[in-house]
1. Quickly run through the stretch B:310-351 and pick out the residues that are more than 20 Å from B:E407 (Cβ to Cβ) and either assigned to a strand (DSSP E or B) or among the aliphatic types (A, V, I, L, M) (or both).
2. I need the full set of residues from the stretch A:346-369 which are more than 20 Å from B:K95 (Cα to Cα) and not β-branched (V, I, T), in order please.
3. Output the number of the condition that A:A257 fails; it satisfies all remaining conditions of (1) buried (at least 24 other Cβ atoms within 10 Å of the Cβ); (2) more than 7 Å from chain B (Cβ to nearest Cβ); (3) touching a Gly at 6+ places or on another chain (Cβ under 7 Å).
4. Please tell me if A:G279 is touching a residue at least 24 places away in the same chain (Cβ under 8 Å), more than 12 Å from chain B (Cβ to nearest Cβ) and of a type in the set (G, A, S).
5. Restricting the stretch B:220-230 to residues that are more than 7 Å from chain A (Cβ to nearest Cβ) and crowded, with 21+ Cβ neighbours inside 10 Å, which is nearest to B:F247 (Cα to Cα)?
6. Could you please let me know if A:I10 is within 14 Å of chain B (Cβ to nearest Cβ), within 22 Å of A:I125 (Cβ to Cβ) and modelled with pLDDT under 95?
7. Inside the stretch A:313-354, can you point out the residues that are in contact with a strand residue (DSSP E or B) (Cβ under 7 Å, 6 or more places away or on another chain) and hydroxyl-bearing (S, T, Y)?
Number of protein chains: 2
Amino acid sequence: MIRNKCAEGIVSSQEYADGSVFCFKGNGYLCEEQNLFAMNNELELRWNKIRSCMAEQGADAILLAGNVDLLYACGRIVSGYFYLPSEGMPVLFVKRPSGLSGDNIFYIHKPEQIPGILQERGIKIPKRLMLEGDELSYSAYMRLSKIFSTSECLNGTPAIRQARSIKTPLEIELFRQAAAAHAKAYSGISAVYKEGMTDLQFSAEVERLMRLEGCLGIFRIFGQSMEIFMGSVLTGDNAETPSPYDFALGGAGLGPALPVGLNGTVMRKGNSVMVDLSGNFNGYMCDMSRVFSVGKLSEQAYRAHRVCLEVQDRIAGKAKPGVACEELYDIAIETVTREGVADYFMGTKQKAKFVGHGIGLEINESPVLAPRIKQELQPGMVFALEPKIVLPGIGPVGIENSWVVTENGVEKLTLFPEEIIELG
Amino acid sequence: MIRNKCAEGIVSSQEYADGSVFCFKGNGYLCEEQNLFAMNNELELRWNKIRSCMAEQGADAILLAGNVDLLYACGRIVSGYFYLPSEGMPVLFVKRPSGLSGDNIFYIHKPEQIPGILQERGIKIPKRLMLEGDELSYSAYMRLSKIFSTSECLNGTPAIRQARSIKTPLEIELFRQAAAAHAKAYSGISAVYKEGMTDLQFSAEVERLMRLEGCLGIFRIFGQSMEIFMGSVLTGDNAETPSPYDFALGGAGLGPALPVGLNGTVMRKGNSVMVDLSGNFNGYMCDMSRVFSVGKLSEQAYRAHRVCLEVQDRIAGKAKPGVACEELYDIAIETVTREGVADYFMGTKQKAKFVGHGIGLEINESPVLAPRIKQELQPGMVFALEPKIVLPGIGPVGIENSWVVTENGVEKLTLFPEEIIELG
C-alpha cells in the first residue's frame, strides 16, 4: 500500500477499515494509495458532505477542476477533472500526471472527451451540473458548459466551500500536526535574531525555520486578487501601510510588484515585530501570529497587547456551535472601544473589517468573523482568530491562533507562548 | 517625486523627460510616483502596445482587474480596475489600498459604480469591451459584463498577453537587475551544502540566499492549475517523478498537497541536484537552472550535460527575429536524438513538450518553444531556454538561462558558470 519513500521515516500512521493507510511522515503527510479511491472512509465522508450541499440546489453532479477542490475531493491534485454524481461512484479524468490507475480513472487529452466516457460507463448526463464558477476562469467555465450542452450549469463554488468549511476528524488531525510543526518552528525564532537586522533578513531566517520543519511554503488563497508570499513579518510603522490585499494588516512590501508585508526596514529598538507566517505543512493552512520586540516596548504596547489577549479570551469563551459570527466580531469592537484602542484595532490608515476567518486548504475559508455575518458556528469548523492593534511609532501587537469548533465550545490548536517575546 | 524610503539606498535611477523617476533600489525596484500616471513615458509605451492588440479585434476599451495586468498597465497592484480606452486617458478605479490620489483615480465600493463615473467624466461606454476572460473567474466576468450591459464583451486575455510578450527597454533592464541578483544568490550555493543533507534542507538554504538578495519569493503563473513554491530543487530519481503540473520537470513534492519538486530525499554521492528557483526580485520572473553534484557523477552524466549545453548553443545561434518557435524546438529534438539521449530529454516517465517559454511578470508567457508553434520571435521577447535530461539513478542535468531577443539574435541575461558544480 505504501511506497518505499513513504515507509521510510513514518512517525505515525492510521489504518482504515478498508485497508487503506494514511500515513504521517515527519511534519507533513504522504498519502500514497495504489488505488486512488481506497481511502474511502475519509473520501466518502467528504463526498457525502459535498452531495448534501449539491442537494440543497438540486444539482445532479459537480465537476471539479480547481487544485484545492481536487485535493479535497480525491485526496490528490491532478491536471484534470473530478466528476462527482449525486449518486454512485465518482470518476476522475486525468491529463497529468502519468501513471495513475484505477477502475474509475480515465486519461483524457481534453475535457470534450468527458461526456462520451460517462455515457460509455452508463452514467447519465446530469440535468443540473455544478461547475466552480468562482474559481474557474470565464473561458474554462464556458468551455465546460458547452461540453455539457444539455445540462443546466450552475455555480458550485459556494457548495464546495460550504462542504469544506466543516472539517472531518482527519482534517482536524492534520491541523493538529501542522500546528505542532508551526509552534516548533516559532520556538526557534528568538535564536535567529541578530541586532541591526532588516525585516527581510529576519524573515528569511524564520522562513528557513519553517521550511526545515517541513512547511510546504505555498500559500493558497481563495479569490484571484489575493496573494502573498509565505505570510507577513511586519515591524514598526510598516505595519500601518495600507495594501491592496484584504489581510488583517498590510505593509508596503519590497516594491510595487508585491505590495504587502515586509519592506526592508531595519528592526529598531522599541519596535515590535509580528511574525504571521502560514503553517502549511500538509495542505492545511494553519495560522498563528506572535509578537516579538526589539528590546523593551513602551507600556502602551504591552497594554494594547493585553487588550488583544482579552479579546481572544472573551471570544473564545463565547464561541460555540450556534453562535453567530457577528456576535463574536462585536465582542472585539466592544472590548477595544471600552479600552480606548479602537482607532488602532486591525490597522490605522486602513482597517481590516474582520477579526477572524475560516481556514482549511485555503487561508480564507468560511466562516468569517465580521460585522453583519449571521452565519453560525458549527462543530468541525476551524478558524483563525486574530485581534491585532497597530501602534504608530511602535508597530503591531496582538495575537493569532487557530481554533476548532467542538460540540460545546472551541479548542485552541496553536499552542505557543502568547506574551510579547523580547529579542536580543 | 521619490518618497524617503526610496531615496535611501538607491543604486541607480532613471529620469524621464516628464520628470518622473523610476528608481532601482538594491536588487528590486521601487516606483513611487506621487502621481500614478506620471511615469508616462514607460506606461504610455505599454498602453500603446495594449491598444494595438485591442485594435486588431476592434475593441474600444479594456477593463483590467488581474494583479499582473494591473502591475503591467499602471505600475502597481490595486484591488480595483484599470480602464484603458482605445483613445484618451485611462481611469483607475480603486477599492484598496487607501490613500491614492490623482486626476484619473476614483475610489469605488463595487464595480457597478464604474459606468456612472465614466459617463460623468464624459467618457463613452465602449461598444466592444475587453475583459480578462482567461484570468477572471466566471462569476467576476459575468458580473462585469452585466454592468456593461450595452457593450459587447470579449476575451481580452490574449491581447494583453500579446502586448506583454514584447518587453520595453525598462522591462529588459529590470530583467537584467533580476538576473544579476539571481546569479549572486546562486554563487552562494556551494557554501551552504553539508554532507547528508536532504533536498529540503538544501533548498531551505538556497531559498534563504535568494531572499537575502531581495527575492520576493512569490511565483506567478498564468493558468489556474499551475502552482509551485519558489521553484524546484530536484535530486536523484525524484526528478523522474511525474507531476500534475506542466513544468519542465516534475518531482513528487513533500506530499499530495503540493505534488511537485523536492520530496525529502537525502542527497547521495553520485546524485545530481538541479536548482531551478525563480528569480523574482522585482516582479519579473527571471529563470535560471544550474546543476550541482554530490561528489563526482558518472561520465554519462557529464556527457548528457554537454548535450544540453550544445542544444542551448545551437538554439541560441539560430534564434533571432523571424525564426519560428517550432524550428528552435526541432533543433533540440534533432540534437538529443543524434546523441542518443532523446528518451531522457525533458523527463523520462513523463516528458515536457517544450524546451523554452516566454517569461515576464509570469513564468509562462508568450512565446513557447514547442512543436507546431509557428509564432516567430520578435525583438524584445524574453524567454527561458531549458534543455534538460533526467538520468535514472543519477538525477537531472542540463541548463536553463533567460534570454532577450535583440534585433539580430538573442542575448543571455543570466550569467553564471554553466558546468556541473561539485558540492562538498
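1. B:V311, B:I331, B:A332, B:I333, B:V336, B:V341, B:A342, B:F345, B:M346
2. Within the stretch A:346-369, A:G356, A:H357, A:G358, A:G360, A:L361, A:E362, A:E365, A:S366, A:P367, A:L369 meet the criteria.
3. (2)
4. When the stated conditions are applied, A:G279 passes them.
5. The selected residue is B:I228.
6. no
7. Within the stretch A:313-354, A:Y329, A:Y344, A:T348 meet the criteria.
Quick grid of which residues meet (1) within 15 Å of A:Y284 (Cα to Cα); (2) modelled with pLDDT of 95 or more; (3) in contact with a Cys (Cβ under 6 Å, 6 or more places away or on another chain):
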site	(1), (2), (3)
A:L129	no, yes, yes
A:E135	no, yes, no
A:S139	no, yes, no
A:F148	no, yes, no
A:N155	no, yes, no
A:R164	yes, yes, no
A:L170	yes, no, no
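The values are calculated or read from the model by the stated rules, or taken from the named source; none is laboratory data. As the structure is a computational prediction, the values presented were derived from the model and not from experiment. Glycine gets a Cβ as well: all are built from the backbone with ideal geometry, and neighbour counts include every protein chain shown.
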